[in-house]
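The values are calculated or read from the model by the stated rules, or taken from the named source; none is laboratory data. Computed from a prediction, not measured in an experiment: that's the story for all the values here. Reconstructed Cβ throughout: ideal geometry from the backbone, glycine too, with neighbour counts over all protein chains shown. Side chains are part of the model used for accessible areas, which takes the heavy atoms of the whole protein and leaves out ligands, DNA and RNA. Shrake-Rupley method; radii C 1.70, N 1.55, O 1.52, S 1.80 Å.
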Amino acid sequence: MEVIIKETYDLMSKAAAEAVASLINSKPNAVLGLATGSTPLGLYRELARMHKSDGLDFSQVTTFNLDEYVGLTKDHPQSYHYFMHENLFKHINIPPQNVYIPSGTTTNYRAFCAWFERRIEEVGGIDLQLLGIGSDGHIAFNEPSSSLGSRTRIKTLARQTIEDNARFFDRIEDVPVYAITMGVGTILEARQILFLANGENKAAAVAAAVEGPVTSMITASALQLHPDTICYLDRPAAGKLKMIDYYEWIQAKRPGAPKTA
Ligand code: GLP
């Protein structure tokens, strides 16, 4: 896994946004996997800016979101549908029919999950998947002990996640207990993964994911099995990495590295 450490959240967000934009410029019909949460907000702001100022074109892009709370309608302010619309989709020119987000209100979850997986396959798979990390080491809503081969399904949220996400709701009792989420196995099939984390409160989870053993107790550690994952961190999120000097050495030496492509 390549680890890129930036001094600030803004610089981290811009570097990750450049990687997304460069994919869209080289493959205008790219398929993106998108994440919610506060982590990718800066990246989405930057993509919106690039669309407005540099003409970054999303007209042929397709997107699949990682997850959604069960029971929240699309217009609920805490639903991930609403989040994506407010923070990205309404600022860019993506056709609404190219946007796929798990449904929190389907009446047949099993069939919906199977359809969602099938749609990813039918469009040729995800080219680039964005990920954040929960403080318990989860990716999407794959809580500790989730199978590393899991597919899109319903998950029961961990207490820690409910507590973490309660800040977005009026009362902790309002945080849904269930979510529909891409599985770890689904995520690992993306051709490239950009894994982002910022803030000191993520440092322990990041260290476990990047340098700890591969374990279903930290589902982000499964990214170690992925051949093309880049981890973008701000300085505080990198605070507990043991190999930090090596990661920075690699980046410093990059301009002189042998060309591999
Ligand atoms: C939720 C989402 C994850 C996200 C995590 C961290 O649990 N399902 O996809 O990575 O929150 O959120 P934040 O970026 O707000 O810390």
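What distance in nm lies between label points placed 7 Å from Cα along the C-beta direction at Glu2 and Ala114?
The two pseudo-label positions are separated by 3.9 nm.
Taking one equal scatterer on every alpha-carbon of the chain, how large is log10 of I(q)/I(0) by Debye at q = 0.13, 0.16 1/Å?
Here log10 of I(q) over I(0) equals -0.81, -1.29.
Stokes-Einstein D for region 124-167 at 25 °C, 0.890 mPa s, Kirkwood Rh over Cα pairs, in µm²/s? Working shown, then result.
Working: Rh = 11.8 Å.
Here the translational diffusion coefficient equals 208 µm²/s.
Ordering Met1, Met182 from largest to smallest accessible area (1.4 angstrom probe), what's the sequence?
From most accessible down to least: Met1, Met182.
Of all the Cα-Cα pairs you can form in region 47-87, what percent are over 15 Å apart?
Working: 448 of 820 pairs.
For region 47-87, the fraction of Cα-Cα distances above 15 Å is 55 percent.
Over region 113-261, what lengths in whole Å, largest first, do the semi-axes of the equivalent ellipsoid take, defined as the square roots of 5 times the eigenvalues of the alpha-carbon gyration tensor?
Ellipsoid semi-axes (Å, largest first): 28, 22, 12.
Rolling a 1.4 Å sphere over the protein heavy atoms, what is the accessible area per residue of the chain, to the nearest Å²? Present the calculation step by step, with values, prior to reporting the outcome.
Values: 12160 Å² over 261 residues.
Per-residue value: 47 Å².
State, in angstrom, two size descriptors of region 79-125 derived from its alpha carbons: Rg to one decimal place and Dmax to the nearest whole number.
Just the Cα atoms of region 79-125 yield Rg and Dmax of 12.1, 33 Å.
Can you work out the base-10 log of I(q)/I(0) for region 176-242 at q = 0.12, 0.21, 0.23, 0.28 1/Å, using the Debye formula on its C-alpha atoms alone?
For region 176-242, the Cα-only Debye profile gives -0.32, -0.92, -1.04, -1.23.
Stick to the Cα atoms of region 1-95, pair each with every other, and give me the Kirkwood hydrodynamic radius in Å at one decimal. All intermediate terms of the calculation are to be shown ahead of the outcome.
Numbers: mean 1/r = 0.0710 Å⁻¹.
Averaging 1/r across every pair of different Cα atoms and inverting gives 14.1 Å.
Need one number: nm distance between label points at Thr215 and Leu11, each 7 Å from Cα along Cα→Cβ, rounded to one decimal.
According to this spin-label approximation, the distance is 3.3 nm.
How much length is gained if the chain between Gln192 and Gln78 is pulled fully straight, taking 0.36 nm per residue apart and subtracting their Cα-Cα distance, in nm to one decimal?
Gain in length upon complete extension: 38.2 nm.
Which value results when the Cα radius of gyration for region 62-166 is divided by 2.2 N^0.38 Å?
1.08
Give the percent of DSSP beta bridges with both residues in the chain that are antiparallel, rounded to the nearest 5.
Close to 30 percent.
Return, ordered by residue number, the residues of region 92-108 whose backbone nitrogen is under 14 Å from a label point located 7 Å along Cα→Cβ of Asn29.
In region 92-108, the label zone of Asn29 (backbone N under 14 Å from the point 7 Å along Cα→Cβ) covers 98.
Counting only protein heavy atoms and a 1.4 Å probe, tell me what percentage of region 1-70's accessible area is made up of carbon and sulfur.
Percent of accessible area from carbon and sulfur atoms in region 1-70: 48.
Testing the spin-label approximation: label points 7 Å from Cα along Cα→Cβ at Ser22 and Trp249. State their distance in nm.
The two pseudo-label positions are separated by 2.4 nm.
With the cut-off at 32 Å, tell me which of the pairs Lys27/Lys242; Lys14/Lys242; Lys155/Lys240; Lys90/Lys202 have Cα atoms farther apart than that.
Values: Lys27/Lys242 36 Å; Lys14/Lys242 25 Å; Lys155/Lys240 29 Å; Lys90/Lys202 29 Å.
With Cα atoms farther than 32 Å apart: Lys27/Lys242.
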